[in-house]
1. Mind giving me the nanometre distance, one decimal, between the label points for B:Asp210 and B:Thr60, set 7 Å out from Cα along Cα→Cβ?
2. Using only Cα atoms, locate the centre of region A:41-88 and the centre of region B:268-296, then give the distance between them in Å, rounded to an integer.
3. Return P(r) of chain A (all Cα-Cα pairs; 10 Å bins starting at 0; whole %; ordered from short to long distances).
4. Given labels modelled 7 Å from the Cα in the Cβ direction, how far is it in nm from B:Ala224 to A:Arg169?
5. Report the residues of region B:422-437 in range of a label on B:Glu341: point 7 Å along Cα→C-beta, backbone N strictly under 11 Å from it.
6. Packing-wise, with mean Cβ within 10 Å as the measure, how do B:49-59, A:165-175 rank, highest first?
7. Please give the helix B:371-385 orientation as an angle from the longest Cα principal axis of chain B, in degrees from 0 to 90, rounded to the nearest 10.
8. Restricting attention to region B:453-497, which GluC sites (Glu not before Pro) occupy a DSSP loop and are surrounded by at most 11 other Cβ atoms within 10 Å?
Amino acid sequence: MTQTVSAGRERSARSISAFLLDYGIIIAVFLLYIVLSWQSEAFFSIRNQLNILDQAHQIGLIAVAATVVIIAGGFDLSTGAIFAMSSVVAAMIARDLGAQEQYASVAPWLGWAVGIAVGCLLGLLNGVLVTFFRINTFVATLSSGIVFRGFALLITQAEQVRVTDRAFRELARGEILDARHTVYIWLGFALVLSFVLFRTRFGRYIFAAGDNPEAARLSGINVNLVRTITFGISGLAAGIAGVLSASKFLKAQNDAGQGLELISIAAVVIGGTSIMGGEGAVWRTVLGVMLLRLIENGFNLMNVEPFYRDIFQGLIILLAVALDALRHRRS
Amino acid sequence: MTPSPLVEVRNVSLSFVAVQALQDINLSINQGGIHALVGENGAGKSTLGKVISGIERPDTGQLLINGEERHYTHPRDALRDGITTITQEIALLNNQSVLYNVLLGQEICRAGVLQRRQMLAEFERLVEMTGFELDPDETVGRLHMADQRKVEVLQAIARDSRLIIMDEPTAMLADDETRVFLEIVRSLQRSGHTIIYISHFLEEVLALADVVTVMRNGFIVRTAPTAEETTHSLVEAMLGRSMLEMYPARRPAKADAAVVFEVRGLQAPGLGQMDLQLRAGEITGLAGLVGSGRSRLAWTLFGALEKEAGEILVRGEAVQLHSTMDAIRAGVFMLPESRKEQGLLLKQSIRNNLSLPHMSRIVGRGGIISQAREKARIGQLLGMLNVVPPEPRLSVNRLSGGNQQKVLFGKWLFHQPTVFIVDEPTRGVDIGAKRAIYELVAELADQGVAILLISSEIEEIVGLAHRALVMRLGNIVASFEAEDDGQLDEKEIMRAAFGTQEAEAGGVRT
């Protein structure tokens, strides 16, 4: 009897404030849409909306994958460096093979594919460092990131890699129904990961690994393998983003993508995925990314001094982390 | 002798959103006594403790300390009046020294610089008061739990406590550590401290306290000197009814039941060489003191620890158990001892917890979950387990301890095991849930599962098992069979566990 009563208490305790904590991100994005539509006529046009989605693709890809890593109990601080490595490798292959007549037609394809594969491999390497060598996930990915970026510097000798073959641009600049490929790629990636998280066995294992690794292991789950794969997914996402960047600008640089890892993690947190692991959702991160982009876009449209933008974004990230802490205190 | 009350609670009521946690509570705590609070989970004993220590504020009623009315808004207000709390979980800085922990918040400084010599002197003074032997420079994380408790007690004394509220202080302690701790509590009383002792362990309460208050559903049932109470009278008062039948009627195991699990010549670190046979439908109790190797044996049989030599046969077939995954595939399941650390995914839903070890049974091609199949099975399980509330999507940390334990059980009932190892299946659950779990264990045995029941409560083994093995120092030292309808002999088991004849005086808690 006492059990029924206490369960009833729990349910009714999920009052308005609890609802706000859980779904505040939806309300925030919605309010921002209303305010921006009202403030600027250009904002609500399809063109601007597609623009926002296109501009969100880098953070979007990496943040969506970071969601999976964080749910599994990890952190990936090397995504910015993987981004640089992949974009540099893709551009170099496209440039060097493209210069040889017999490979010229396949060079762009090879560049894209190898660039993405490199990202995925580097991610898996992170996974091995964290699981097999049991290095703390922050330290492991922070240092591996420095090494990756060092390699990017080494192979480019700090020179910009320029691709002349215009076909290489197709991946990022191509359009389907007025929307860039990038929009389909990142939203598609988000859909796939969302499906994996909530509809597959592997998804359940990801939540289990982040919630209670010991209980997961004792339930017959190979937690190390699960975690390693999540890092692989993160590397894959950074790789795709890097290749898209090389494709879009027809050039790549060893110092590209700096800070991407942090802004992506910020987007995850803003969406409401807990940094403690074991809970969260991809749709949250998609909204978190959109929130950051909307602020950026809104500041541009309204001609606000860009100096204020960073302060505003930083405050929003702080607010999100504070809300996460509050949620944990309640449970 | 009529000592004046140190604490007086008058007409206190407190309700959370939908539940009346405390209803018109009147209670006086005498100076210098040990006052026990007992009751089922949710009876309100911890809440009452929290009102006195300033963690919860009552809706109505008065709290008087030394005859003066107090309105605590924060635990630190209570601390100023010399009221401290020791909880079930040890709350210390694990990487810091004993000295630093004891004087945490009471550091002796000059211009912000720690005065080690004076701090050591203060530490010595405290140690002398209590008679504890502790190395001030030892790192707290390296101490045994009982010694960590000592550090907490010293910390409380260092803060000039007059009243120490102890909420389930022995729940995490092993039997021998508990004995040490109870002695600590007595010495605290001798040095003039007042103690409120909240505990599930009734024998502990009877041996320790002067006065006991029984609570049920937020009410006080009665307050009486412990000399007038027995475990039976306390349980009756807690439940509001007699508990004649705590254990399900024993269903005799079939004598010709097949051996479904056999271990030959097992060797593993910390264990002596051993053989073991479990029969279908039989409950085998595994008794022994903490540290006797029971859990180690269980983990080895479950594939979580590697063995050095030996053969394991499930239904006559040799199996290699290198991981828990191997064991689960072979039909050997295990309910771990610690629900929160080893058992449940607290943030996940009931559904996700229940199906976690059995995903291969509900996924189709590509690892995609068949939601229909999962839903059907979870529905059946929730009905069978009687989890309240039976909502598959509710996250487990919203359930009471007893219901969490049922979910933990259900996790291993998703698919019927051949062998089910249950390690301390009723730890930290209330009496109602205990009874439900005993029923489940008996029912599983009825269905032909071979059960290995590890328990520190010998009463539990006597009440449930058909056969008992006793471990000591890593070896199985004795084996007892229950007579046809008779019971196992509790004293014999205890003697074997201690390896002496003094078992009756050993004070193993039940």
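Taken together, the values in this text are just the output of simple stated rules run on the coordinates, not laboratory data. All values derive from a computational prediction rather than experimental measurement. Every residue, glycine as well, gets a Cβ built from its backbone with ideal geometry; the counts of neighbours run over all protein chains shown.
1. Rounded to a tenth, the inter-label distance reads 3.2 nm.
2. 54
3. Bin by bin from 0 Å, the calculated values are 6, 24, 31, 24, 11, 3, 1, 0, 0.
4. With each label point 7 Å from Cα toward Cβ, the separation is 9.2 nm.
5. Inside the label zone: nothing.
6. Descending mean neighbour count gives B:49-59, A:165-175.
7. That helix lies at roughly 60 degrees to the long axis.
8. B:Glu483
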